[in-house]
Amino acid sequence: LQRTEQSPAATVVSPRPEVVLRGLQKHPTGWLAWLTTTDHKRIGVMYLVATFVFFLLGGTEALLMRLQLGAPDNTLIDPETYNAIMTMHGTTMVFLFVVPVWAGFANYMVPLMIGARDVAFPRLNALSFWLLVAGAVTFYSSVFFSPPAAGWTSYTPLATGDYIPGNGQDAWIYLVHLTGLSSMLGSINFVATIANMRAPGMSWGRLPLFCWSVLAQALMLIGALPAVAAAVTMQLTDRHFGTCFFDPTCGGDSILYQHLFWFFGHPEVYIMILPGFGVISEVLPVFARKPIFGYKAIAASTFGIAFLSMLVWAHHMFAVPTGVIVLVFFMVSSMTIAVPTGIKVFNWLATLWRGSIVLKTPLYFAAGFLALFTMGGITGVMLAIFPIDWQVTDTYFVVAHFHYVLVAGSVNAIFAALYYWFPKMTGRMMSEGLGKLSFWLTFVGFNATFLVQHSLGLSGMPRRLSHYPANAGWDVLNLISTIGSLILAMGVLVTVVNVLVSLKRGRRAGNDPWKGNTLEWFVPSPPPENNFDVVPRVRSVEPLQDIRREVGAASRTVGTVAQPPTPGI
Amino acid sequence: MRPNPFIRINRAAETAGYPALLVVTVVCLAIVVAGVALLALVETPWAFAMAILSLIAAVAILSAAMMATLFDAEEPVARGAVTRSSSQERGGGRGAAAAGTRRPAAPARPKGRVAAQTRRGKDRAALAA
């Protein structure tokens, strides 16, 4: 504002707004641009690249374990190293791959899907990513001195200084703290973004189902993470500062750790799978060329699953001495989760039913998810019945169950998301041939690896076992499982090759290669820095279908269509 | 508007700036955790019945709250300025009367980061000119 007074008699010029340019900040380029970025899309890409590197690391660790178990009395890996590899594998897959990979997809896609130009707190978003990297570096640096070896659950008293004296266990604790903080900040960001930055007309009832699932996941993380943060902090002070939270010899209670861990740990399972549900809910209607069946039921069941998952933690502790009546409650509450999950599965099937199916790679992975995740859910209901759980607890049956949920469920959904959104992120299509080859290799390899593990568990093979004798009768099934894991690894490698080849040589994708339903397909591929020059008005759960219809109507009137319609049509 | 108390509660909370669904979820969680805590302490059949009832009640309340949140998908969209947010469009913004009453569409002033982006855009436009 400028106020000019020329003389006492002069009139006062009325205030006049002005735009004063003081120079534009020079944007960094090259690697520095990536390191300093607060753009949600770049942060999303960094999340995805980092987490897929961790996926390959965790997968390599899994292959080492399978090679060791491929033959009885194998001496490839000694028991101490096996324990360390097993801990690294579980921790990497849970804390460094499946949870943060969804943060990557959500970072890239949620603002685009809701019609926002960025997340609510872009700098906090960058901090979330770098905290994840810090946690990973801390954890993996322990490989060079003494890796943790107490499993991804790190139960006490096993994880105390008496049994695991090395600092690798401390590195595991810092990993949980740093990645937990990363997830917490990211979750706050997503909740604020989805609650406040939706496009005009996008009421809660028109929010894309992937965004619903990210919202539910974020709320679960905010609710569950403090429990594990408290648990590992107490474990740290027990290890180094003489406290007795979990040591029964001086008045502590080691079961308390299990309660705190699983109050986080069971929601964590759904934290890993709920965004996958969201992806499936986006992919199926696009490739069935039909609206999603039961939008409200799917959104409601997402929240139902999130809510119930906070109330079932003790089913991981059925073997701990507890009153039967308490076990019955947790059995009932655990089985209740099958209801909203079943609602989802039936709605997805109804979406496919009589649709004009377009058999592209994302749909292959989505269909694989449906088939295999349902199997994992059914064994979950079996394990929720505590007398059955008592029989198979800590056996390979449990290992098979949670790999059906987390690999067949989450990883299939992650691959579906990758094949579905890769054209939007890079502007190039992935190879359909390589994609379908990857699907069949992973599908066959996965079932060969884990289906037989149900039988191994029922035959009594304990989990976390590094050696077994030849007369145990487990050698053939273990060999099949090991061969299956190699096929599975080949399937993953084909996708890695597909990504690398398609980045350079993939066919140009255009704005909307799949004829999608949601707003991310409204913008160019890859999207510009500001995402939307204009934000279209949303009138249904399928805003892009509405726009397409309006364009069609306009083209019938005018005779030609050159541009998408302007907002407000 | 439908004669549904959950929709009224939902609208009143959202208009006042509170995430209605989150509030209801926390209340439901507290109901069940209280039931489970009681069961763990006394381990009697009546406590078990209370815990199961609390679970059923919580799921029922949450389902109703979820349906109240989602019902706005059926509402027609009012035409207005592109810059208005959906929450302003639905509830009339902070200070508006609760459920059912809507203020006429008013152009919203960009705030915070949006305002900064707008300023930067103007700066660049001025530089280009």
Those residues that are open to solvent by less than 20 Å² (accessible area, probe 1.4 Å) and assigned to a helix (DSSP H, G or I), I need them from region A:196-211; list them, please. A:G205, A:R206, A:L209, A:F210, A:C211
Test each condition in (1) modelled with pLDDT of 95 or more; (2) surrounded by fewer than 18 Cβ atoms within 10 Å (Cβ to Cβ) for A:A448 and report the one that comes out false. (2)
In region A:313-366, which residue that is of a type in the set (D, E, K, R) and open to solvent by 40 Å² or more (accessible area, probe 1.4 Å) is modelled with the lowest pLDDT? A:R354
Filter pass, A:V381 being open to solvent by 30 Å² or more (accessible area, probe 1.4 Å) and touching a residue at least 24 places away in the same chain (Cβ under 8 Å): yes
Please verify whether A:F346 is more than 29 Å from A:A227 (Cα to Cα), assigned to a helix (DSSP H, G or I) and away from chain B (no Cβ under 11 Å), treating the condition exactly as stated. yes
With the condition kept exactly as written, say whether any residue in region A:187-195 is surrounded by fewer than 24 Cβ atoms within 10 Å (Cβ to Cβ) and free of Cβ contacts under 8 Å to residues at least 24 places away in the same chain. yes
Yes/no for A:R508 being within 20 Å of A:M429 (Cβ to Cβ) and either open to solvent by 70 Å² or more (accessible area, probe 1.4 Å) or more than 14 Å from every other protein chain (Cβ to nearest Cβ) (or both): yes
Given the condition without any contact (Cβ under 8 Å) to a residue 12 or more places away in the chain, open to solvent by less than 40 Å² (accessible area, probe 1.4 Å) and not aliphatic (A, V, I, L, M), answer yes or no: does some residue in region A:218-235 qualify? no
Of everything in region A:470-487, what is small (G, A, S) and open to solvent by less than 30 Å² (accessible area, probe 1.4 Å)? Give them in sequence order. A:S481, A:G484, A:S485
Within region B:23-44, considering residues that are farther than 20 Å from A:L221 by Cα and within 7 Å of chain A (Cβ to nearest Cβ), the one surrounded by the most Cβ atoms within 10 Å (Cβ to Cβ): B:L39
Just to verify a result, which residue in region B:48-62, among those that are facing another protein chain (nearest Cβ under 8 Å) and closer than 16 Å to A:I325 by Cα, is surrounded by the most Cβ atoms within 10 Å (Cβ to Cβ)? B:A51
If we scan region A:41-53, do we find a residue that is open to solvent by 30 Å² or more (accessible area, probe 1.4 Å) and over 24 Å from the mean Cα position of the chain (by Cα)? no
Which residue pairs have Cβ atoms under 8 Å apart, sit 6 or more places apart or on different chains, and have a first residue in region A:521-546 that is open to solvent by 20 Å² or more (accessible area, probe 1.4 Å) and a second that is hydroxyl-bearing (S, T, Y)? A:S525/A:T426; A:P526/A:T426; A:V534/A:T566; A:V541/A:Y295; A:E542/A:T518; A:D546/A:S540
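The values are calculated or read from the model by the stated rules, or taken from the named source; none is laboratory data. Given the structure is predicted, the values throughout are model-derived calculations rather than measurements. Counting neighbours? That spans all protein chains shown, and the Cβs are built from the backbone with ideal geometry, glycine included. Protein only, heavy atoms only, side chains kept; ligands, DNA and RNA dropped before computing areas. Shrake-Rupley method; radii C 1.70, N 1.55, O 1.52, S 1.80 Å.
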